[in-house]
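> Got a structure for you, written out below as structure tokens; questions coming shortly.
A short reminder: the numbers here are calculations on the coordinates, not readings from a lab. What you see is a predicted model, and the numbers here were worked out from it, not measured in a lab. Please note: Cβ atoms are built from the backbone with ideal geometry, for glycine as well, and neighbour counts cover all protein chains shown.
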Amino acid sequence: MAHRGWFPDSIVGELVVLRRHVPANLSAFRRWYADPQVARLTRYQDGPMSWPEIERFFHARVLGQDSLALAIHVRATSRLIGTCALSQLDGDNGSALFHITIGEPDAWGHGYGTEATELMLDHAFERLQLHRIGLSVFAFNERAIRSYVKVGFSVEGRAREAVWREGHYWDELQMAIIDRDWKARRGRSRLTTQDSEPSLAEAAQSATHASVAPAAGGKR
Ligand SMILES: CC(C)(COP(=O)(O)OP(=O)(O)OC[C@H]1O[C@@H](n2cnc3c(N)ncnc32)[C@H](O)[C@@H]1OP(=O)(O)O)[C@@H](O)C(=O)NCCC(=O)NCCS
């Protein structure tokens, strides 16, 4: 279960702001997850979710404490365009799974999802001190794979012919990023948070001028 203290009020990037979800976001979820284009990219089932399924998903996985879900808003306009989450938070092993859906198709391809992913990884590794973030993606979802590779995920596995779509079986890729991969790249991080506290790693660095302990220190 995701501890409430793990939820920031907001995480501010250059293009997007991540904010806590509010109950009124359900109407956007109804639209997004009823869209066959979104379903094609995000579901094993060949077709969109029903409204009762969307409501159950929203209350359990978005508002509930099973995962750390945040709404994605365009920073310039505040428009709500999607959702992203860390689920299966495992404190013993410092791991979680990442999920993202930009539900408004006209907002695809503008860099919003890639930046939202970077902001979530920064939160996961710098604040929560997690060690490993994994995800699954269908092999035909080239935009998503490109976005994940850009932020530092690498392909670790392939479930062959795991999903049937448009008359073919497609592989599903397992991708992951480890905290030391992220920290090696983090010079280009653009994270600012509303409370502007230093991250745990920044606090440790300014106190000791030492580099952040990797792997073993990542457990929580
Ligand atoms: C996947 C997703 C999060 C990516 O976010 P995004 O903001 O659209 O991605 P970006 O605009 O940063 O584009 C990422 C890369 O894909 C490329 N790209 C954009 N459209 C593309 C397309 N149709 N095909 C292939 N690559 C594409 C971009 O050029 C960019 O690469 P580059 O910077 O090297 O040029 C977002 O598109 C989304 O939520 N899609 C619908 C749901 C989904 O697929 N979720 C993921 C399930 S695993």
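> Taking amide H positions as placed 1.01 Å from N in the peptide plane, with prolines and chain starts having none, which residues 5 or more places from R165, or on another chain, fall under 5 Å of its amide H?
W170
> Once the piece of chain linking R56 and R160 is laid out straight, how much longer is it, given 0.36 nm per residue of separation minus the C-alpha distance between them?
Numbers: separation 104, 0.36 × 104 = 37.44 nm, distance 3.01 nm.
Working it through step by step, the gained length comes to 34.4 nm.
> Further question on the same structure: Residue-wise, which Karplus ³J(HN,Hα) couplings in Hz belong to the stretch 49-64, taking 6.51 cos²θ - 1.76 cosθ + 1.60, θ = phi - 60°, and x for glycine or proline?
So the J values, rounded to whole Hz, are 6, 6, 4, x, 5, 4, 5, 5, 4, 4, 6, 7, 9, 10, 7, x.
> Using each residue's phi in the stretch 174-185, evaluate 6.51 cos²θ - 1.76 cosθ + 1.60 at θ = phi - 60° and report the 3J(HN,Hα) Karplus result to the nearest Hz, with x for Gly and Pro.
9, 10, 7, 9, 9, 4, 5, 4, 5, 5, 5, 9
> Next up: Just need the Rg to Rh number for the stretch 4-205, please, alpha carbons only, Kirkwood Rh. Walk me through the numbers before you get to the answer.
Values: Rg = 16.4 Å, Rh = 17.4 Å.
With Rh from the inverse mean 1/r over Cα pairs, Rg/Rh is 0.95.
> Show the residues, 5+ positions off or on another chain, whose built amide H is closer than 5 Å to the amide H of H131.
Residues meeting the criterion, in which the H sits 1.01 Å from N, are S95.
> For the stretch 1-64, which GluC sites (Glu not before Pro) are both in a DSSP coil and crowded by at most 14 other Cβ atoms within 10 Å?
Here the sparse-neighbourhood loop sites are E14.
> Between E142 and Q88, how many nm apart are label points set 7 Å from Cα along the C-beta direction?
For the pair E142/Q88, the computed spacing is 2.8 nm.
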